[in-house]
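First up is the structure itself, then whatever we jot down about it.
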Amino acid sequence: MRSNTNVARRLDFDRDAAGYTVGRQDADPATIRSVLSCSPSVHDVLEIGAGTGQATLALAAEGRRVVALEPGKNMAAELRRRSGTRKISVVTSDFESYAPDRTFDLVCSFDAYHWVRQPAGTRKVAGLLRAGGHLALAWSFRILAHEADQDRANEVFAAAEPDFARTWPTFERDSLRAIHEGQLETVESGPFDLVACFAQRRETTVGPDGYADFLASLANGDSVTADLRAKLRRVLHSDCGLRDLTIVSVYEKRP
């Protein structure tokens, strides 16, 4: 995805860190392993915009040493709580302000890199990578698993928060277009070549309240009121599912 010019909104997530953990699924371990397989000599990882550890915990579970950057104080505290004794160093900082005295084998970001200012951000990434290092960027796009459910939810959103609406016929095409635009921006911004791109899909049963929890974890999640939750309960099945399309782009630093 292309960078978001309203970067101040990246702190909107900090309003409810525990709610963010509830609303956002942890990364699929298979996705993490696929990322690491593109860069087999990875020991030290820098994660930008770690949230409350949705990908961080899986990276550490694969035996990597992770420095997790998270600008929100509450989000960072929740990530520290979830990290326990794992090899994770949590730094409360945005990427622009971070000034380490070390380099990394892999810099990655899951659902967060669009909050980094460009082109300066990607140029800075290049300076933090060791020779042969990689940048991995992933975004997950989510839609209700059945078109009829999404259509009913969209009717609710029309009066509450139109930005929550998703369109089934164009969902994958729109997702891929957003990724392609971001890939062009990244290659234009820094000394990187795109070396891999892959998509992974999964579907989980969430129910109306689980779906509302996910919506509440978004930057505009304060639009999820008690009234909206009640309306979703009325129009959605108790076992409705959420379809997740995760697209990962892996870039290699040029010599």
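Tabulated results
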item	result
Neighbourhood charge, 10 Å Cβ-Cβ cut-off, centred on residue 102 and excluding it, Lys, Arg +1 and Asp, Glu -1	-1
Cα gyration tensor category, rounded, prolate or oblate, for the chain with a/c compared to 1.5	prolate
Gap separating the Cα centres of segment 143-168 and segment 105-131, nearest whole Å	33
Relative contact order %, segment 138-255, counting alpha carbon pairs below 8 Å whose residues are six or more apart	44
Residue among 26, 209, 101 with the largest mean-square fluctuation in a Gaussian network model of the chain, springs linking Cα atoms under 10 Å	101
Phi-based couplings in Hz for segment 233-250 (Karplus 6.51, -1.76, 1.60; Gly and Pro marked x)	4, 6, 9, 10, 5, 5, 10, 4, x, 10, 9, 10, 10, 9, 10, 10, 10, 10
Karplus-derived HN-Hα couplings along segment 49-63 (A = 6.51, B = -1.76, C = 1.60, θ = phi - 60°), whole Hz, x at Gly and Pro	x, 6, x, 10, x, 4, 9, 4, 5, 5, 4, 5, 5, 8, x
Under 25 Å from residue 73, Cα to Cα: lysines that are on another chain or at least 8 residues apart	87, 124
Karplus-derived HN-Hα couplings along segment 197-210 (A = 6.51, B = -1.76, C = 1.60, θ = phi - 60°), whole Hz, x at Gly and Pro	8, 8, 10, 10, 10, 8, 9, 10, 7, 10, x, x, 6, x
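Quick note: the coordinates plus some simple rules give every number you see, no bench work behind them. Note that the structure is predicted; figures quoted are calculated from it, not measured. Note: ideal-geometry Cβ built from the backbone for every residue, glycine included; neighbour counts use all protein chains shown.
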